[in-house]
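Below: the structure, in structure tokens.
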Amino acid sequence: MTRLSFLIVVLGLQTVVVPAEIHEICTTTTSQIGRCKLVKDCEYVRNIMRNPNRTHEEWYFLDYNKCGNVPADPRPMTLVCCPEVQNVQQCGVSKIGNRIFGGSKTIYGEIPWAGVIVYQTGKKRLSVKCGCTLLNSRWAITAAHCSSNIPNSWKIHRVRFSEWNINKLSPCITSTNVQICRSEYEIHEPIVHPLYQSSSIDMAHDIALIKTKKEVQFSDYVIPICLPFNEEIRELPIEQQQFTVTGWGQTNKGNEVGIQRHVTIAGQNNSVCENAFSSLDIKLSEEQICAGGEQGQDSCRGDSGGPLTIQHGLVNYLIGIVSFGPQECGTKNHPAIYTNVIKYLDWIEDTMVD
């Protein structure tokens, strides 16, 4: 649509000719990709306006996020820069149970944004080898190596949510007289970050997006995580911050592989990981997070692509993606490496919008 073209908008009995700029790309005050829209057409802004306890950042958004006016009688109608990629309402809030840390089994549905990637590894053989995290009804996120560093004979088959024990053949369980079933979705080809190199020992840009062919149905057991668009979350320090990592991989005892577990680990300065991996001459960037290093508290083989999250109030935010770690998981003073999601918000938005 050219700048000279027009759209017709019917407002009650009145017809208003609206310049095409109403749909133009813009940038929000939170540095997100947006489009100029009427306030009534922007759910993000309407949700802020409904909230009586607005944060400073939300007040600033309302005051300085205007991108023009639409001619109307008796007065012009304000256009706002509405984010194209938004967190789902009630994202990152678990409806099941309270957190129990220390490498413990997870209560079914306690971490409803965590999912797994199912691979076809043989003619009639399916295996779970990586984790992923649900972002919204069509997108999940994982590590790039979960797509690029797999045998040629393997094929990513589906993503699965509402999972607890990947070893159980039955798709459903009964808990407190309620039947809970896994949900699986076919996917398009994963979109790997263009700068990721599968041969790189540093595993830089180890991030990929997965789009489902159909909309993911939300429930108490399937809820998207929140992306850290909030400035307050983005500016939290990494060092000594407490994070939760979730996965179905091997435990430090080497048993019960396939049961969903979560553990609390502390963020570290990247130099701690560089020292721990000094024999490999690994150099980390600000796009990576170093976390862990306590005996028996770690992500491990089979956890790749899974979420590293932080809880702020009642809301959980995705901060990192499991990338790689030491040969012996849970080794004291030997943390693991995670892709820093905060540094890839622009790429995530660009990819989803495109």
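Listing for the model above:
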item	result
Of all residues in segment 59-76 being outside any strand (DSSP E or B) and open to solvent by less than 50 Å² (accessible area, probe 1.4 Å), the one that is modelled with the lowest pLDDT	A72
Scan of segment 93-133 for residues that are open to solvent by 10 Å² or more (accessible area, probe 1.4 Å), assigned to a strand (DSSP E or B) and either more than 27 Å from A266 (Cβ to Cβ) or modelled with pLDDT of 95 or more (or both), ordered by number	Q120, T121, G122, R125, L126, S127, V128, K129
Any hit, segment 166-180, residues being under 14 Å from I210 (Cα atoms), of a type in the set (V, I, T) and outside any loop (DSSP other than H, G, I, E, B)	no
Index of the failed condition, I207 passing every other in (1) in contact with a helix residue (DSSP H, G or I) (Cβ under 8 Å, 6 or more places away or on another chain); (2) open to solvent by 30 Å² or more (accessible area, probe 1.4 Å)	(2)
Entirely in segment 236-346, the strands (runs of 3 or more DSSP E) that have 1 or more residues that are modelled with pLDDT under 90 and not hydrophobic (A, V, I, L, M, F, W, C)	242-247, 261-268
Output for segment 134-149, where each listed residue is in a loop (DSSP other than H, G, I, E, B) and open to solvent by 40 Å² or more (accessible area, probe 1.4 Å)	R138, N149
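The values are calculated or read from the model by the stated rules, or taken from the named source; none is laboratory data. Since we're looking at a predicted model, the values are computed, not measured. Note that we place each Cβ from the backbone using ideal geometry, even for glycine, and neighbour counts take in every protein chain shown. Areas reflect the complete protein model, heavy atoms only, side chains present, ligands, DNA and RNA absent. Shrake-Rupley method; radii C 1.70, N 1.55, O 1.52, S 1.80 Å.
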